[in-house]
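Notes follow once the structure below has been shown.
The values are calculated or read from the model by the stated rules, or taken from the named source; none is laboratory data. These numbers come from a predicted model, not from an experiment. No Cβ is skipped: glycine too gets one built from the backbone with ideal geometry, and neighbour counts run over all protein chains shown. Heavy atoms of the whole protein, side chains included, go into the accessibility calculation; ligands, DNA and RNA do not. Shrake-Rupley method; radii C 1.70, N 1.55, O 1.52, S 1.80 Å.
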Amino acid sequence: MKRIVVVGASAAGLAAAETLRREGYDGTLTLVGDEPHPPYDRPPLSKQVLAAEWPPERVRLRPPADLAALGLDQRLGVAATGMDVADQALRLADGSVLPYDGLVIATGVRPRRLPGEGAHVLRTLSDALTLRDRLRPGLRLVVVGAGFLGAEAAAVAWKLGARVTLLEPAPVPLAHAVGEEVGRVLSRAHLERGVDLRTGVTVTEVTEEGVRLGDGREVEADEVLVAVGSLPNTEWLAGSGLTVADGVVCDQYCAAAPGVYAAGDVARWHHPHFGVRMRIEHRTNAAEQGMAAARNLLNPEAAKPFAPVPYFWSDQYDLKIQAYGYLRGHDELAFVDGDLAEGHFVAAYRTGDRLAGALAVGMPPKTIRRWRQAVAAGASWKEVVG
Amino acid sequence: MRVELDEPKCVASGQCVLAAPEVFDQRDEDGIAFLLDETPGADSLDGVREAVAVCPAAAIRLAER
Ligand SMILES: Cc1cc2nc3c(=O)[nH]c(=O)nc-3n(C[C@H](O)[C@H](O)[C@H](O)COP(=O)(O)OP(=O)(O)OC[C@H]3O[C@@H](n4cnc5c(N)ncnc54)[C@H](O)[C@@H]3O)c2cc1C
Ligand code: SF4
């Protein structure tokens, strides 16, 4: 293999590029990214960057010298516009064509938007800096969507003195992701601080004055942040010969076609342990999958299934939420450790007869590690919860 | 080799402890990582490299000499 191209210069793409080099690949390694910046990290954007605690340079993923040491052919600020698995060539927006022997697709996701103009979204560094520059005491901010991203942004804005209204269509925020009971605990964090969380409220459009609700009423705002989920960046793969269905569809090795792999937020792969095709928008998954895709690309005969224990964290107010496993579609949730009334606890999730995941708030690392291990081992519910 | 940890970046994920338990540990009170060994031996190289790669906060750096 002499020419490998990685598309998407963020967490997953960088992990793939670094792993290729670490595993001894010394051919041409091209990193294509449509953002002008060298790879940077997104989780701090809704935390330290939005709170103006960190200057933007602090989010770069690697110091320039470490990046340079990878010997990359970097094409930053240039989008990939198409490819064809039959030709093994990638087309770029600047008109160039890159033939490849191996390809890693790591183009991530972009925010879903609402009709109407003038609302913020929060995905890129420039999104974060734009919103940061507007936040001030007394600002009326409407956040549409009380998922993890909306909740984190609401928490930062509240801390900076903004008057925050958080609008959520579901009766309980995050219930689909972490269960109703935990969703209610997280809701309380907003309400206790005077963030105006309104549930069961749909927003149909962004208006001059703020946002319009499903019942026709308006909620006024100085600034609006729309945080209603995301869409995989796969349009450029139309006509490529790859299967796209809410992400690039891959097998358990992260392969989308021979010599073509996908990783990170954009990849929908078959997780052998959970037995489902999943697409995960978690920071650790992006790195782990980028590494796995790179290894399998270099060594398809000895390919290893990608079977991680999914992990994510979220920081909201003084709460640190950490979760392991696959919580979606769980059958039962039980509080198994800590003290719910004191605000620190572990919730365990049952799917079938197995412990499918665990979520901790404010628990010591040793406790969390124990639960991670149980999830990793595929422990039976009976055995660990009773 | 020398390992550098940018502590204020750490998000307490514990990924480094899984990758190289002889080099990293986490504080009990908040899960923030600390180094057990700033200059681990060659045996730890693979584990430390793995930790650098999987740390979701890009908080670990391997300064080779
Ligand atoms: C504000 C924010 C906070 C977050 N907080 C957390 C958190 O606390 N915990 C957690 O676990 N996860 C968090 N995440 C999720 C985490 O950041 C993502 O899972 C991770 O960034 C995914 O990395 P990726 O490389 O797969 O995709 P991305 O980071 O989306 O990178 C994809 C890159 O590809 C580029 N691209 C797209 N199309 C093309 C094209 N056609 N040609 C060239 N380049 C292209 C994109 O512009 C982008 O630069 C957060 C995300 C955001 C936005
Ligand atoms: S892997 Fe990184 S973020 Fe996680 S505990 Fe270690 S240093 Fe902290």
Seminar exercise, completed: Residues whose modelled amide H sits under 5 Å from the amide H of A:G210, counting only those 5 or more places away in sequence or on another chain, are A:A221
Seminar exercise, completed: Note, segment A:252-264: 3J(HN,Hα) by Karplus (6.51, -1.76, 1.60, θ = phi - 60°), whole Hz, Gly/Pro = x, goes 5, 9, 6, 8, 9, 6, x, x, 10, 10, 10, 8, x
For this session: Express the Stokes-Einstein translational diffusion coefficient of segment B:2-63 in µm² s⁻¹, to the nearest whole number, given a Kirkwood radius over alpha-carbon pairs, 37 °C and a viscosity of 0.692 mPa s.
Result: 296 µm²/s
For this session: Name the aspartates and glutamates eligible as straight-distance cross-link partners of A:K304: C-alpha to C-alpha under 19 Å, and not fewer than 8 places from it in the same chain.
Result: A:E18, A:E23, A:D251, A:E288, B:D46, B:E50
For this session: Using only the Cα atoms, work out Rg/Rh for the protein assembly as shown, with Rh taken as the Kirkwood radius, to two decimals.
Result: 0.96
For this session: Would you mind pulling out the separation of the Cα centroids of segment A:255-295 and segment B:31-56, in Å?
Result: 24 Å
Problem set entry | Derived scalar couplings ³J(HN,Hα) [segment A:307-318; Karplus, 6.51 cos²θ - 1.76 cosθ + 1.60; whole Hz; x for Gly, Pro] | 9, x, 8, x, 9, 9, 10, 8, 10, 9, 6, 9
Exercise. What are the residues whose amide H is under 5 Å from the amide H of A:R75, where those residues sit 5 or more places off or on another chain and H is modelled from the backbone?
Worked result: A:L31, A:V32, A:G33
Seminar exercise, completed: Given Cβ charges of +1 for Lys and Arg and -1 for Asp and Glu, the option among A:Y311, A:A294, A:H282 whose Cα lies farthest towards the positive end of the dipole of segment A:271-317 is A:A294
For this session: May I ask for the Rg/Rh ratio of segment A:113-226, computed from Cα atoms with Rh as the Kirkwood radius, given to two decimals?
Result: 0.94
For this session: May I have the extent of the alpha carbons of segment A:255-386 along their three principal axes, as whole Å values ordered from largest to smallest?
Result: 52, 34, 24
Exercise. Based only on the alpha carbon positions, what is the Kirkwood hydrodynamic radius of segment A:177-237, in angstrom?
Worked result: 14.3 Å
Exercise. DSSP beta bridges in chain A, what fraction antiparallel, as a percent rounded to 5?
Worked result: 60 percent
Problem set entry | Charge context of A:L31, other residues only, Cβ under 10 angstrom, K/R +1, D/E -1 | 0
Exercise. Roughly how many debye, to the nearest 20, is the charge dipole of segment B:2-63 about its Cα centre, given +1 on each Lys and Arg Cβ, -1 on each Asp and Glu Cβ, and no other charges?
Worked result: 260 debye
Exercise. Under a point-charge model restricted to the Cβ atoms of Lys and Arg (+1) and Asp and Glu (-1), what is the dipole moment magnitude of segment A:318-384 relative to its Cα centre, in debye to the nearest 20?
Worked result: 320 debye
Seminar exercise, completed: Straight-line reach check, A:K47, cutoff 29 Å on alpha carbons, 8 or more apart in-chain or any other chain, hits among lysines -> A:K159, A:K320, A:K366, B:K9
For this session: Would you rank A:S126, A:S46 by solvent-accessible area, highest first, keeping every protein chain in place and using a 1.4 Å probe?
Result: A:S126, A:S46
For this session: Could you bin all the Cα-Cα distances of segment A:1-102 into 10 Å bins starting at 0 and give me the percent of pairs in each, rounded to whole numbers?
Result: 14, 43, 30, 11, 2
Problem set entry | Within segment A:16-117, GluC sites (Glu not before Pro) in DSSP loop having at most 10 other beta-carbon neighbours inside 10 Å | A:E117
Problem set entry | Computed [θ] at 222 nm, helices only, for chain A once each DSSP H run of length n ≥ 4 contributes -39500 (n - 2.57) | -6500 deg cm²/dmol
Exercise. Counting other Cβ atoms within 10 Å of each Cβ, which GluC sites (Glu not before Pro) in segment A:150-240 have at most 16 and sit in a DSSP loop?
Worked result: A:E208, A:E209
For this session: Report, in degrees rounded to the nearest 10, the 0 to 90 angle that the Cα long axis of helix A:365-376 makes with the longest principal axis of chain A.
Result: 60 degrees
Seminar exercise, completed: Partner aspartates and glutamates whose C-alpha sits under 18 Å from that of A:K382, ignoring same-chain residues fewer than 8 away, are A:D331, A:E332, A:D337, A:D353
Seminar exercise, completed: Heavy-atom accessible area with a 1.4 angstrom probe orders A:S96, A:S240, most exposed first, as A:S96, A:S240
Seminar exercise, completed: For A:R277, the residues 5 or more places away or on another chain with a placed amide H closer than 5 Å to its own amide H are A:H271
Exercise. What ³J(HN,Hα) values, in whole Hz, does the Karplus curve 6.51 cos²θ - 1.76 cosθ + 1.60 give for segment B:14-19 when θ = phi - 60°, with x put for Gly and Pro?
Worked result: x, 5, 5, 5, 5, 7
Exercise. On the accessible surface of chain A, probed at 1.4 Å, how many percent belong to carbon and sulfur atoms?
Worked result: 49 percent
Exercise. Size of the dipole of chain A about the Cα centre, Lys and Arg at +1 and Asp and Glu at -1 on the beta carbon, nothing else charged, in debye to 20?
Worked result: 720 debye
